[in-house]
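*Asks:* Here's a structure for you.
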Amino acid sequence: MSSSSKIDKECPYTIEPVQPEDTEAVLAMLKTFFFKDEPLNTYLDLGECKDLEEYSMKPIKDNCSYKAVNNKGEIIGVYINGLIKRPSPTDTAKKSTCSHPKFQKILSLMDHVEENFNIFDLYPNEDVILDGKILSVDSNYRGLGIAGRLTERAYEYMRSNKISVYHVICSSQYSARVMEKLGFHEVYKLNYADYKVDGETVFKPAQPHVAIRVLVKEVDKSKSTL
């Protein structure tokens, strides 16, 4: 993706569904603008990680992810979403595993959050919840409202599919701040200093990233998508 020093701030862009054939382009964008700046990745010096790439692309199959595309056909923003379905009473929690020891630490943290906070306990009448996995915008196109437009398109999906709750896990204070500006509110928080394995603190990312947080937004599914 080309990056000039000056981008036309009035450049038109469209919001479109992410298709399976977009995977390579979406991954290239995340490698440039997301993975290297994510605070847990940075703290662990994760580097190239195929397990992370596969984990990040997996939700695309749920057909509820969206991209911002400029007038050259380049992807300049993406919101990867997945669906969380209420587990049946007979389901047993499965630990996330991978072959990359550093990324395994991140997966274990996510498992710990899920073990200590069940979103369906908070919303007993919901069977399916939209899960915002990754929201990223090309730094050359920030300030154009792309994050908000991508999120609005996800609201339309929710209304069309009778989904009321949008759930996000934020490992970065910056991403949490963006979601709060979009109307999300916190329902769970775990300070990194309090997450320990064998008595040792696992993550000590740079300030201001002090906690992993779960935020949600309730969307009125009776509203028109127009």
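The values are calculated or read from the model by the stated rules, or taken from the named source; none is laboratory data. Because the structure is predicted, anything quoted here is derived from the model rather than measured. In this analysis, Cβ positions are derived from the backbone assuming ideal geometry, glycine residues included, and neighbour counts consider all displayed protein chains. For accessibility, only protein heavy atoms count, side chains too; no ligands or nucleic acids. Shrake-Rupley method; radii C 1.70, N 1.55, O 1.52, S 1.80 Å.
*Asks:* Please list 3J(HN,Hα) in residue order for the stretch 139-152, calculated via the Karplus relation 6.51 cos²θ - 1.76 cosθ + 1.60 where θ = phi - 60°; whole Hz, with x for glycine and proline.
*Replies:* 4, 6, 10, 6, x, 9, x, 5, 4, x, 5, 4, 5, 4
*Asks:* Let me ask another. Take the alpha carbon gyration tensor of the chain, find the square roots of its eigenvalues, order them as a ≥ b ≥ c, and report rounded if a/c is under 1.5; if not, report prolate when a/b exceeds b/c, else oblate. Intermediate values should be presented prior to the final figure.
*Replies:* Working: a/c = 1.66, a/b = 1.17, b/c = 1.42.
Oblate.
*Asks:* Over the chain, what percent of the accessible surface lies on carbon and sulfur atoms, probe 1.4 Å? Kindly include the intermediate steps, with their values, before the conclusion.
*Replies:* Details: 6030 of 12360 Å².
C and S fraction of accessible area: 49 percent.
*Asks:* Peptides 203-212, 116-125: what's the order by average Cβ count within 10 Å, highest mean first?
*Replies:* Packing proxy ranking, top to bottom: 203-212, 116-125.
*Asks:* Would you mind putting 65-71, 106-112, 184-190, 168-174 in packing order, based on average other-beta-carbon counts within 10 Å, highest first?
*Replies:* Details: 65-71: 20.9, 106-112: 17.6, 184-190: 15.6, 168-174: 19.1.
For the peptides 65-71, 106-112, 184-190, 168-174, the packing ranking is 65-71, 168-174, 106-112, 184-190.
*Asks:* Here is a further query. Post the alpha-carbon centroid distance, the stretch 12-74 to the stretch 166-209, in whole angstrom.
*Replies:* Each part's Cα centre sits 20 Å from the other's.
*Asks:* What shape does the stretch 135-219 take by its C-alpha gyration tensor, where a ≥ b ≥ c are the square roots of the eigenvalues and a/c under 1.5 counts as rounded, a/b above b/c as prolate, and the rest as oblate?
*Replies:* Values: a/c = 3.08, a/b = 1.60, b/c = 1.92.
Oblate shape, in that a/c is at least 1.5 and b/c is the bigger or equal ratio.
*Asks:* I would also like to ask the following. Counting only residues 5 or more places away or on other chains, whose amide H sits under 5 Å from the amide H of residue 219 once H atoms are built in the peptide plane?
*Replies:* Excluding prolines and chain starts, which carry no amide H, the hits are 165, 166.
*Asks:* Show me, for the stretch 166-176, the HN-Hα J-couplings you get by feeding each phi into the Karplus relation (A = 6.51, B = -1.76, C = 1.60, θ = phi - 60°), rounded to Hz, glycine and proline as x.
*Replies:* 10, 10, 9, 10, 10, 8, 10, 4, 5, 5, 4
*Asks:* Round to the nearest 10 and report in Å² the accessible area of residue 97, as given by a 1.4 Å probe over the protein chains' heavy atoms.
*Replies:* The accessible area of residue 97 comes to roughly 110 Å².
*Asks:* Quote the relative contact order of the chain in percent (integer), defining contacts as alpha-carbon pairs under 8 Å separated by 6+ residues. Don't jump to the answer; show the numbers that get you there.
*Replies:* Working: 341 pairs, mean separation 48.8, N = 226.
Dividing the mean separation by the residue count of the chain yields 22 percent.
*Asks:* Let me ask something else about it. Per residue, how much accessible area does the stretch 115-210 show when a 1.4 Å probe rolls over the protein heavy atoms, in square angstrom?
*Replies:* Numbers: 4840 Å² over 96 residues.
For the stretch 115-210, the per-residue accessible area is 50 Å².
*Asks:* In the full protein assembly as shown, how much of residue 54 is accessible to a 1.4 Å probe, in Å² to the nearest 10?
*Replies:* Around 130 Å² of this residue is reachable by solvent.
*Asks:* Using 0.36 nm per residue of separation minus the Cα-Cα distance, give me the extension gain between residue 191 and residue 111 in nm, one decimal. Show your work: numbers first, answer last.
*Replies:* Values: separation 80, 0.36 × 80 = 28.80 nm, distance 1.51 nm.
Roughly 27.3 nm would be gained on extension.
*Asks:* Could I ask something else about it? Stretched out fully, how many nm does the piece from residue 218 to residue 23 gain, at 0.36 nm a residue minus the Cα gap?
*Replies:* Details: separation 195, 0.36 × 195 = 70.20 nm, distance 2.90 nm.
Here the segment from residue 218 to residue 23 would lengthen by 67.3 nm.
*Asks:* Could you tell me which of rounded, prolate or oblate describes the stretch 79-211, using a ≥ b ≥ c as the square roots of the eigenvalues of the alpha-carbon gyration tensor, with rounded for a/c under 1.5 and, failing that, prolate when a/b is larger than b/c and oblate otherwise? All intermediate terms of the calculation are to be shown ahead of the outcome.
*Replies:* On the way: a/c = 1.88, a/b = 1.14, b/c = 1.65.
Oblate.
*Asks:* Tell me which residues come under 5 Å, amide H to amide H, from residue 134 once H is placed; ignore anything under 5 positions away on its chain.
*Replies:* Sorted by chain and number, the residues that satisfy this are 80.
*Asks:* Using r as the Cβ-Cβ distance of residue 206 and residue 94, and R0 as 30 Å, what FRET efficiency do you calculate, to the nearest 0.05? Present the calculation step by step, with values, prior to reporting the outcome.
*Replies:* Details: r = 32 Å, r/R0 = 1.07.
E(calc), rounded to 0.05, equals 0.40.
*Asks:* Can you list the residues, at least 5 places off or on another chain, whose amide H is less than 5 Å from the amide H of residue 211, using H built in the peptide plane?
*Replies:* For residue 211, the qualifying residues are 192.
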